[in-house]
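Novice: One structure coming up, written as structure tokens, with questions to follow.
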């Protein structure tokens with residue numbers, strides 16, 4: 001829970017300090033460069049020890065269920081969302097729910113008593129497919145929302161925040177593999193720094209009423225996806241531990257990667273809304289993991 005508290009604090013301090021000075025307005029280029037560095041170091045530590053899972057651990061039912069929810073249900077929800085609500089807030093949440101596999105998936109699975117090995121294997125496949133399809137899916141949804149966001153820009157961002165950190169991480173891991181605690185701490189420090197800097201950079205433009213209007217949209221997606229996953233699992237008679245091995249990486253999304261992609265694409269204000277969705281996601285999935 002400390003993760004979400006520190007993220008909230010970083011966001012609040014970014015807005016508060018930013019509004020007390022004209023520095024964010026006068027130094028957009030410098031702050032953009034700082035954000036680019038923080039984006040890399042937010043993703044990089046996790047990629048040093050990233051595992052795609054062992055193929056023999058895969059189970060067909062949870063794998064197919066995860067692919068359906070991530071690449072059919074989620075894009076349909078995103079498309080319907082931007083068609084129903086023509087706003088940047090709706091588009092931001094739509095952008096967030098198109099990239100699967102939350103960074104806290106392992107924690108959710110362990111808390112709920114799911115099968116971590118199966119989940120890791122399923123997550124590897126969903127992550128790779130998600131990274132490959134994200135530029136195309138986001139372009140389709142952006143077109144439906146009449147929002148201009150070049151596919152080439154998103155593709156370059158995906159390379160910078162996914163493929164490059166994985167490649168560099170694998171090379172570094174051959175030389176030195178830091179402990180999981182060190183990697184987790186580095187990620188949290190960089191993420192909180194990124195949250196602070198983005199909110200600081202856009203402090204003069206943030207409308208708090210608009211920011212919190214993300215809540216009902218996020219809650220609707222999360223609860224409807226959890227309900228759909230529960231229904232699918234019951235209909236096909238899936239074991240409890242198999243259900244828990246895939247449900248979190250479908251309702252939960254990799255918001256840190258989406259934030260990084262949108263930030264590198266210069267869409268800082270959209271990243272702010274994605275961060276609010278991330279807060280809602282963490283709280284909802286933690287509650288589900290403990291009650292389930």
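Novice: Of the residues 172, 162, only one is in contact (Cβ under 8 Å) with a residue 24 or more places away in the chain, farther than 16 Å from residue 263 by Cα, out of contact with any strand residue (DSSP E or B) (no Cβ under 6 Å at 6 or more places or on another chain) and in a helix (DSSP H, G or I); which? Before you say what the answer is, go through the steps one by one.
Specialist: Working: 162 fails: farther than 16 Å from residue 263 by Cα.
Residue meeting the stated conditions: 172.
Novice: Restricting attention to segment 125-149, which residues are part of a helix (DSSP H, G or I), touching a helix residue (DSSP H, G or I) at 6+ places or on another chain (Cβ under 8 Å) and over 16 Å from residue 71 (Cα atoms)? Full working, then the answer.
Specialist: Step one: of segment 125-149, the residues part of a helix (DSSP H, G or I) are 125-144.
Then keep just the ones that are touching a helix residue (DSSP H, G or I) at 6+ places or on another chain (Cβ under 8 Å); that gives 125-126, 129-131, 133-142, 144.
Within segment 125-149, 142, 144 qualify.
Novice: Okay, next question. What helices (runs of 4 or more DSSP H), lying completely within segment 193-292, carry at least 2 residues that are surrounded by 18 or more Cβ atoms within 10 Å (Cβ to Cβ)?
Specialist: Details: elements: 208-212, 214-235, 240-246, 248-251, 255-264, 268-291.
Ranges flagged: 214-235, 240-246, 248-251, 255-264, 268-291.
Novice: Scan segment 9-25 and give yes if some residue there is modelled with pLDDT of 75 or more, under 26 Å from residue 165 (Cα atoms) and buried (at least 17 other Cβ atoms within 10 Å of the Cβ), otherwise no.
Specialist: yes
Novice: Taking interchain pairs and intrachain pairs at least six residues apart, which have beta carbon atoms under 7 angstrom, with the first residue in segment 39-52 and under 18 Å from residue 193 (Cβ atoms) and the second modelled with pLDDT of 65 or more and surrounded by fewer than 16 Cβ atoms within 10 Å (Cβ to Cβ)?
Specialist: 44/168
Novice: Assess whether residue 218 counts as being within 18 Å of the chain's Cα centre (by Cα) and in contact (Cβ under 8 Å) with a residue 12 or more places away in the chain.
Specialist: Taking the combined requirement at face value, the residue satisfies it.
Novice: I'd like the full set of residues that are at pLDDT below 95 and more than 10 Å from the chain's Cα centre (by Cα), limited to segment 93-103.
Specialist: Within segment 93-103, none qualify.
Novice: From the set of residues in segment 56-79 that are over 17 Å from residue 100 (Cα atoms) and surrounded by 14 or more Cβ atoms within 10 Å (Cβ to Cβ), which is modelled with the lowest pLDDT?
Specialist: The extreme case among them is 57.
The values are calculated or read from the model by the stated rules, or taken from the named source; none is laboratory data. Nothing here was measured: the structure is a model prediction, and the numbers come from that model. Positions of Cβ are generated from backbone atoms using ideal geometry, with glycine treated the same way; all protein chains shown enter the neighbour counts.
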